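The values are calculated or read from the model by the stated rules, or taken from the named source; none is laboratory data. Computed from a prediction, not measured in an experiment: that's the story for all the values here. Cβ placement follows ideal geometry from the backbone for every residue including glycine, while neighbour counts extend to all protein chains displayed. In case anyone asks, the SASA skips ligands and DNA or RNA and just uses the protein heavy atoms, side chains included. Shrake-Rupley method; radii C 1.70, N 1.55, O 1.52, S 1.80 Å.
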Amino acid sequence: MCGRFSVVSTSLDTLIHEETGVRFTTETNIDLRPTQTASTLAMIDNRLVQQDTIWGIQPNWATHLIINAKGETAGDKKTFRLAMKTHRCLVPCSGWYEWRDEGGPRKQKYLFTHALGKPLYMAEIWFPYATPHLVTLTTSANKACQPYHPRMPVFIPLNSIRLWLNGDISELTTLLLPDNTLPLKIQAC
């Protein structure tokens, strides 16, 4: 679930600046994978800024890289609790990928993008290592995504960015639910 996403800087950089006021500069990576650098929006010293992070964490007890956490329970889990409370961020992206078994020799890859070409703001939590690392929050799939995968990334609407980044954790419950109003374009790759 959401193990890859797409960043197309030529459209994102300008749109992010227009929508948030942050001078956002990222590198195009149409197949961004765990362990790679992802540019985020975060509140640092009460300012909305760009922060580059590494996707994935590997606590000393873990046998593999952790890239996702269930948004519904992240605030209750020891591994994610503090980050969920104090270190939330957003990854502005152009889209994300899911794979579906359609009976062929390989699963079919699908790209999910905003139907109007707008940025998608993926909800993340970050960990203040020497170089910050992040984990993507997921939720149950909305109606458009259900035929492809049972879960999807949590996306924060533009008008809720400051609430997501600065709000009390008790105010975030509805933001972690699947958004059936999110207009998506889905295409086979």
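Normalising by the residue count of the chain, find the relative contact order in percent from Cα pairs under 8 Å and 6+ residues apart.
Dividing the mean separation by the residue count of the chain yields 22 percent.
Across GLU98, GLU171, the residue with the most accessible area heads the list, and the full order at a 1.4 Å probe is GLU171, GLU98.
Using the Karplus relation 6.51 cos²θ - 1.76 cosθ + 1.60 with θ = phi - 60°, the per-residue 3J(HN,Hα) values for region 176-189 come to 8, 8, x, 9, 7, 8, 5, x, 10, 10, 10, 9, 5, 10 Hz, with x marking Gly and Pro.
For THR138, the amide hydrogen comes within under 5 Å of the amide hydrogens of ALA69, LYS70, GLY71, VAL154, counting only partners 5 or more places away or on other chains and with H modelled in the peptide plane.
Accessible area per residue for the chain is 51 Å², calculated with a 1.4 Å probe on protein heavy atoms, without ligands, DNA or RNA.
The amide H of VAL7, built 1.01 Å from its N in the peptide plane, has ASN29, ILE30, ASP31, LEU32, SER94 as neighbours under 5 Å, considering only residues 5 or more places off or on other chains. Only protein heavy atoms count here; under a 1.4 Å probe, VAL7 has an accessible surface of about 10 Å². Counting Lys and Arg as +1 and Asp and Glu as -1 over every other residue whose Cβ lies under 13 Å from the Cβ of PRO132, the net charge comes to -1.
In order along region 160-168, phi translates into HN-Hα couplings of 10, 4, 5, 4, 4, 6, 10, x, 5 Hz, rounded to whole numbers, per the Karplus curve 6.51 cos²θ - 1.76 cosθ + 1.60 with θ = phi - 60° and x for Gly and Pro. With a simple spin-label model that places each label point 7 Å from the Cα along the Cα-to-Cβ direction, the separation between HIS114 and LEU177 comes to 2.2 nm.
Note on region 58-189: with neighbouring protein chains present and a 1.4 Å probe, carbon and sulfur make up 53 percent of its accessible heavy-atom surface.
Across the protein chains, with a 1.4 Å probe defining accessible surface, the residues THR139, THR174, THR37 rank THR174, THR37, THR139 from largest area downward.
Ranking THR35, THR53 by solvent-accessible area of protein heavy atoms (1.4 Å probe, all protein chains present), from largest to smallest, gives THR35, THR53.
Dipole magnitude for the chain: about 400 debye, using +1 per Lys or Arg Cβ and -1 per Asp or Glu Cβ, origin at the Cα centre. In this view, the solvent-accessible surface of ILE30, computed with a 1.4 Å probe and all protein chains in place, comes to about 100 Å². Applied to region 138-150, the Karplus parametrisation 6.51 cos²θ - 1.76 cosθ + 1.60 on θ = phi - 60° returns per-residue 3J(HN,Hα) values of 10, 9, 4, 5, 6, 4, 5, 8, 3, x, 9, 6, x Hz, with x for Gly and Pro.
Amide H contacts under 5 Å for ASP52: THR40, restricted to partners 5 or more places along the chain or on a different chain, H placed in the peptide plane at 1.01 Å from N.
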